[in-house]
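Below is one structure, written out as structure tokens; comments come after it.
The values are calculated or read from the model by the stated rules, or taken from the named source; none is laboratory data. Keep in mind it's a predicted model, so treat the numbers as computed, not measured. Positions of Cβ are backbone-derived with ideal geometry, glycine not excepted, and every protein chain shown enters the neighbour counts. Ligands, DNA and RNA are stripped out before the accessible areas are found, and what is left, the full protein with its side chains, is counted by its heavy atoms. Shrake-Rupley method; radii C 1.70, N 1.55, O 1.52, S 1.80 Å.
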Amino acid sequence: MTIFPCAKINLGLNIVNRRPDGYHDLETVFYPIPLYDALEVHKMDHDFPSESRCDIQLSGMAIDGDASDNLVIRAYNLLSADFELPRVHVHLHKGIPMQAGLGGGSSDAAYMIKLLDEHFHLNMGIAEMERYAARLGADCAFFITSEVAYAQGIGEILEPADGRYGNLEGYYLALVKPDIAVSTREAFSNITPRHPAECCRRVVHDPIETWRGRLTNDFEEPIFKRYPRIGEIKEQLYSTGALFALMTGSGSSVYGIYRDRPTGLNELFGDCFTTVLDL
């Protein structure tokens, strides 16, 4: 059985409070985008010689780190503690860049929960799957439904966020990721929590042309200071006609929203992962 985890962008991202547990409360609008991984799961034959109950094969974009600690395996282990699951083979093909602020790993984990629920008839509802997903990462719960959502808490408190203008259907999204890896821990270490002048949930209900300067990402200032190239990409997107541009998550991807399909971006950003998506 195969499923296709999607990526997301943040329409605004504000860090509003540091919690006693060391995490941070945030406000953001998660928006799913049509950029995908592929996740395939098959039941392992009884006689197959594997020390792991969930073995994984990775392909596609460069994979960093130990595969045994992949969030997909962690999702399997989380559910197998509460449900009778057979041993499985997993093939994860990466089409979503890593360390990009696009939520690829979180999406893989959430979609693994959905796939196991459907394939092995666990009969979990959405709310239960979201609770399991939230235990794996701050934005994992969003990917259980992958619907536009206003998120609070550490990203696990979700409410609908669609509006007349918040729905970007019919626009084009340019996504540019330089060969820069931003540590999430490093990004949070340079943040001073504060409430924004306007809540992102309110701003996305206004025309996109009014978002610039109002819809902000608190990570941009410290990240741009350390990695000026990321800030340059944002300005270049505006120079090519983007109605709105912002770094997503803690970086390093930057997106631009266009009314008409932009051209020439692969040449302009030749040293970056660059794609244009129909929304």
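When you scan segment 18-28, do you find a residue that is at pLDDT 95 or above, in contact with a Cys (Cβ under 7 Å, 6 or more places away or on another chain) and not hydrophobic (A, V, I, L, M, F, W, C), even just one?
yes
Tell me the residue from E198, E209, E232 that is open to solvent by 20 Å² or more (accessible area, probe 1.4 Å), of a type in the set (D, E, K, R) and within 18 Å of S250 (Cα to Cα), please.
Answer to the check: E232.
Out of all the residues in segment 166-183, which are among the aliphatic types (A, V, I, L, M) and in contact with a helix residue (DSSP H, G or I) (Cβ under 9 Å, 6 or more places away or on another chain)?
L168, A174, V176, I180, V182
Against the conditions (1) surrounded by fewer than 22 Cβ atoms within 10 Å (Cβ to Cβ); (2) out of contact with any strand residue (DSSP E or B) (no Cβ under 7 Å at 6 or more places or on another chain); (3) under 30 Å from T210 (Cβ atoms), where does D179 fall short? Just the number, please.
(3)
Tell me whether segment 127-137 contains one or more residues that are in contact with a Phe, Trp or Tyr (Cβ under 6 Å, 6 or more places away or on another chain) and not basic (K, R).
Checked segment 127-137: no residue is in contact with a Phe, Trp or Tyr (Cβ under 6 Å, 6 or more places away or on another chain) and not basic (K, R).
Please work out which residue is nearest to the chain's Cα centre (by Cα), limiting yourself to segment 232-254 and to residues that are of a type in the set (S, T, N, Q) and outside any loop (DSSP other than H, G, I, E, B).
The qualifying residue nearest to the chain's Cα centre (by Cα) is Q236.
Hey, any hits in segment 161-183 for a residue that's among the charged types (D, E, K, R), closer than 18 Å to L246 by Cβ and touching a residue at least 60 places away in the same chain (Cβ under 8 Å)?
So far as segment 161-183 goes, yes, one or more of its residues are among the charged types (D, E, K, R), closer than 18 Å to L246 by Cβ and touching a residue at least 60 places away in the same chain (Cβ under 8 Å).
Restricting attention to segment 83-111, which residues are among the acidic types (D, E) and surrounded by fewer than 18 Cβ atoms within 10 Å (Cβ to Cβ)?
The answer is E84, and nothing else.
Would you pick out the residues in segment 112-169 that are among the hydroxyl-bearing types (S, T, Y) and open to solvent by less than 60 Å² (accessible area, probe 1.4 Å)?
Y132, T145, S146, Y150 - these are the residues of segment 112-169 that are among the hydroxyl-bearing types (S, T, Y) and open to solvent by less than 60 Å² (accessible area, probe 1.4 Å).
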